[in-house]
1. Where in the chain are the helices, taken as whole DSSP H runs, whose Cα atoms extend 27 angstrom or more along the long axis and whose Kyte-Doolittle mean reaches at least 0.0?
2. Work the Kirkwood hydrodynamic radius out for the chain: mean of 1/r over every pair of different alpha-carbon atoms, inverted, in Å.
3. Which is farthest toward the positive dipole end of the chain among 133, 222, 321, measuring Cα position about the Cα centre, with Cβ charges +1 (Lys, Arg) and -1 (Asp, Glu)?
4. Along each principal axis of its Cα atoms, how long is region 436-533 end to end? Whole angstroms, biggest number first, please.
5. Structure shown: which of 306/400; 306/435; 130/435; 459/499; 424/484; 193/268 lie over 28 Å apart, alpha-carbon to alpha-carbon?
6. How much net charge surrounds residue 293 when only other residues with a Cβ under 14 Å from its Cβ are counted (Lys, Arg +1; Asp, Glu -1)?
7. For region 366-384 and region 207-224, what is the centre-to-centre distance using only Cα atoms, to the nearest Å?
8. On the full set of protein chains, 1.4 Å probe, figure out the accessible area of residue 266 and give it in Å² to the nearest 10.
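The values are calculated or read from the model by the stated rules, or taken from the named source; none is laboratory data. What you see is a predicted model; the values in this text were computed from it and never measured. Because the Cβ atoms are built from the backbone with ideal geometry, glycine has one as well, and the counts that use them run over all protein chains shown. Side chains included, ligands, DNA and RNA excluded: accessible areas come from the protein's heavy atoms. Shrake-Rupley method; radii C 1.70, N 1.55, O 1.52, S 1.80 Å.
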Amino acid sequence: MLGLMQDRPLALPHIFHRAEQYFGHKQIVTATATGQTRTSISEWAQRVRRVATALDTLGISADGRVATFCWNTTAHLELYLAAPCTGRVLHTLNIRLFPDQLTYIVNHAEDEIIFVDRSLSRLLWPLTDKMPGVRHYVVIDDYGDCPIPDDPRMLDYERLLAAAEPFAGEFVIEDENTAAAMCYTSGTTGNPKGVVYSHRSTVLHSMISLIADGAALSERDVVMPIVPMFHANAWGLPYGSLLAGSDIVFPGPNMTPHACLALLAEHKVTVTGGVPTIWMGALPLLGDYDLSSLRTIVCGGSAVPKSLSEAYRQAIGIPILHAWGMTETSPIATLCTPRSQHDSMTEDQRANIRARQGQAVPLVELRLVDPASGEEVPWDDTTSGEIQAAGPWIAREYHKGEGGGVQFTEDGWLRTGDVAAMDKYGFVRIVDRTKDLVKSGGEWISSVELENEIMAHPKIAEAAVIAIPHERWMERPLACVVVKPGETLTAEEVIEHLKLRVAKWWLPDAVEFIDEVPKTSVGKFSKKTLREKFAGYTLPSAEA
Ligand code: AMP
């Protein structure tokens, strides 16, 4: 017997029309190079409708890839809806990729058009010959001064919109499984791989920003996504905000901690999200701004050290809301909102809980699997295994079927490459990336845990731990430490600090002081770069 409910597609036009119909009076603010723009949702919706017509006029294929090379801005949000609501596929390009990766991704995705912020366009112009499939470059004038080549492929965003009639009527996507957007994985090994989100997966994932045991976005919120809109759709915050009817603030090109904090204060932002690097940079400046409106800081992309979350709780009264996921999981897979079972704990015990990645959000399933035996391991908070994930917004394969055998199990689960333990409530504690673990004498040392303990030192700004080959133990940890400005510290002091916190055999064999931990294109610690920097490094213990 079949259910007798209406079979209505879960598709992005619903989010667009809902925002336009109910929340036209709400505001989107974007910080620009010269000031700020303020757009009502009604005005924004009219512009989305114009972009939709312009895509038709330019002859973009019915399911053509529409790429963006943009900061977090109102115009970027116009493209976020205009492309998928017309059946095209939004392809957000990471503005920090190397030229070779960028051209590979554009060609692999078969992008037909790239919308580019003028301030970023300098990076694209030398590459146009290597991207023969791109028929149009539409320059969004964000007050950048980059010259625009004299080339018929170059168009101006505002002129294009002015010439386009707003699309009238309702956008319709009949099949909810139609592709809506795509993002490429950061590709630490091999070529980047394309993750293709559907309308259905995007709508369902957007709902997660609204759940009470999460960011709980509502119409009363002012949301500022600091996480780039090219990083897994800014974790769903833009679509979630439109669905909820929240006001939105975009930081635009100036992503310095001062600029972000000033915006949070000025617009009384209630919910924001960004990677730990952002919050580490902003920490020393918190006292300069009135952040009393802020109620939730969503943070993920890499582990949130307990010391960081606690420093925020002490400075502004709210800890960081820890989330875990990956491009392949849309990306929200877990969120760490303390639950009733944690109420009776001490504040310090709760802080330990908040340093976990949290519980799988509704509709996502997780399991822990021993990589050697392929068997599931128990949720006893001790035994670790690789996290495998399943759910309606988890990838089942990559664009053009690449990497399938390696990353997906025979029964259709995603192999995440993250090693974790879970407590009996399913609260995940990520131990490491499989490839970042330090394998010492057959036992695993978690580089993430070591880093978190090192970063708990009050004089340390950042720390990253990498494995160095060792004759006797196979691998031993090297700690690369960044000292806070104006402070001094010795390797012995770092080790003394750790002795109280980790098992003796976890203590790094050496501590190197560096100016900065190198970051990836999405602001994470780049262990790959550190490993290259310290290739051939000789540990003092190995010399002895
Ligand atoms: P990306 O696809 O660039 O978003 O990277 C996903 C990877 O980032 C995951 O597989 C994890 O290794 C890492 N990651 C994301 N969130 C967290 C977190 N909260 N704690 C630890 N690692 C994380």
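1. Once both thresholds are applied, nothing remains.
2. 24.3 Å
3. Among 133, 222, 321, the one farthest towards the positive end of the dipole of the chain is 222.
4. Sorted from largest, the Cα extents of region 436-533 read 39, 33, 19 Å.
5. Beyond 28 Å between Cα atoms: 306/400; 130/435; 424/484; 193/268.
6. Summing Lys/Arg as +1 and Asp/Glu as -1 gives -1.
7. Rounded to whole Å, the Cα centres lie 32 Å apart.
8. 110 Å²
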